């Protein structure tokens, strides 16, 4: 069962990567490159909202599946099947991911404001 789920996640990732190859390449370049072109790449990545949304949804699904597998394998007291744990964690993952994004955005905004006031 795990094999088919992981295969499905890889297939979904491959479809997203093939469909949005330029976005994925820009994202990888933005992550690994530190240059003057980074600002331009960041603006290109931010402007593509559909690929960003789809990759974020894939991240939430993968995090939910990984968490369900970890709970089921490591906690012997868990009597819930994998799919119920997955649905439970899938409902909890967006909240934690959203709070992470809000925190990241606020820290970034404060950093930009500090650079503007220092300069």
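Spacing of the modelled spin labels on residue 9 and residue 59, each 7 Å from Cα toward Cβ, amounts to 1.5 nm. Full extension of the chain between residue 90 and residue 19 yields a length gain of 23.1 nm, computed as 0.36 nm times the residue separation minus the alpha carbon distance. Here residue 105 and residue 74 are evaluated by their C-beta separation; at R0 = 35 Å the FRET efficiency comes out at 0.60. Sorting the segments 64-70, 86-92, 49-55 by their mean number of nearby beta carbons within 10 angstrom, highest to lowest, gives 64-70, 86-92, 49-55.
Only the coordinates and a few stated rules stand behind these numbers; no lab work does. For clarity, every value in this text was computed on a predicted model and none was experimentally measured. Because the Cβ atoms are built from the backbone with ideal geometry, glycine has one as well, and the counts that use them run over all protein chains shown.
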